[in-house]
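I have placed the structure first, in the form of structure tokens, so that the comments after it can refer back to it.
Every number in this text was worked out from the coordinates using simple rules, so none of it is lab data. What you see is a predicted model, and the numbers here were worked out from it, not measured in a lab. Virtual Cβ from ideal backbone geometry, glycine too; neighbours counted across all protein chains shown.
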Amino acid sequence: MKFNKTLAGVCVASMLSGAFAHDFWVNGENGENFKAHIGYGHDFPAPEMIPENRVKLFNPLHIISKDGKKTELKQKGENYQFETAKLAAGSYVLEGTYKPTFWSKDSDGKWHMDGTRQNTKNVEYCQLAVMNAKSVISIDNAKADDFIYEPIGHQIELVPLDDPFDLKVDKPFKLKAYMNGKPVKTGKVTGTFEGFLQDKHAFLGTTDLKGEIEVMALRPGKWMFEVTVEKPHDDKKVCEDAIYLGTLTLVVK
């Protein structure tokens, strides 16, 4: 059984460091207004309060429509909650970004946000974290417009290649990973679903040379898939490594 074609019971612990081992996702739904949230925690898809000192790391959420219009949502309520006017029927992309942030661990094991080898004492390890999140949304059972299948310009992201509003249990579908607009070759892709074990993955696979990966969901409900790229930082005097994470939230019927 190949990892890149099933999710079944594979439980893989997160490989991120303790400083930013949180998952990052976005989700939203239509009502009297369109309400969305930033998910930054360990219990997908349930949101939780963002630590006050990390709120500044997140840009406001945006909703993108088929005509390319990008509408900024306003923060309202808890610090992870956002909203805008009710959306008309159609397909949309909800997107969020975590500002690129350096994290450094000192010799006492303490992590420093915005810490590098140049501004933090006794650094044992430093890593730059870049995270982006997307959710594809259908309002009033609208079909997916063409822009849903294209990257939106995140540094790293996942794009559905099959109709994301018609995903069914036991029916394979494909995703494609992009980094700076180019396919991510042999990139790691993980997945989890609502109700699965916290800090574990229900799916693990690797993209092919076209940046594509095939998935077959064995459970219905909300799913979050994540592509990860780790590489050396450009300036070793500043930081050793950089990690890029892009998530895509989908619903499987």
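Listed values, structure above:
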{"quantity": "Subset of the stretch 209-218 that is surrounded by fewer than 22 Cβ atoms within 10 Å (Cβ to Cβ) and touching a residue at least 60 places away in the same chain (Cβ under 8 Å) - its residue that is farthest from the chain's Cα centre (by Cα)", "calculated": "Leu218"}
{"quantity": "Residue pairs meeting the criteria (Cβ under 7 Å; at least 6 apart or on separate chains; first closer than 16 Å to Pro60 by Cβ, in the stretch 90-117; second among the aromatic types (Phe, Trp, Tyr) and crowded, with 20+ Cβ neighbours inside 10 Å)", "calculated": "Gly96/Phe58; Tyr98/Phe24; Tyr98/Phe58"}
{"quantity": "Within the stretch 141-185, considering residues that are among the β-branched types (Val, Ile, Thr) and either in contact with a Ser or Thr (Cβ under 6 Å, 6 or more places away or on another chain) or farther than 13 Å from Glu95 by Cβ (or both), the one surrounded by the fewest Cβ atoms within 10 Å (Cβ to Cβ)", "calculated": "Val169"}
{"quantity": "Of the criteria (1) in contact (Cβ under 8 Å) with a residue 24 or more places away in the chain; (2) in contact with a strand residue (DSSP E or B) (Cβ under 7 Å, 6 or more places away or on another chain); (3) not acidic (Asp, Glu), which one Tyr149 fails", "calculated": "(1)"}
{"quantity": "Residue check for Phe147: within 26 Å of Gly31 (Cβ to Cβ) and aromatic (Phe, Trp, Tyr)", "calculated": "yes"}
{"quantity": "Any hit, the stretch 164-173, residues being aromatic (Phe, Trp, Tyr) and in a loop (DSSP other than H, G, I, E, B)", "calculated": "yes"}
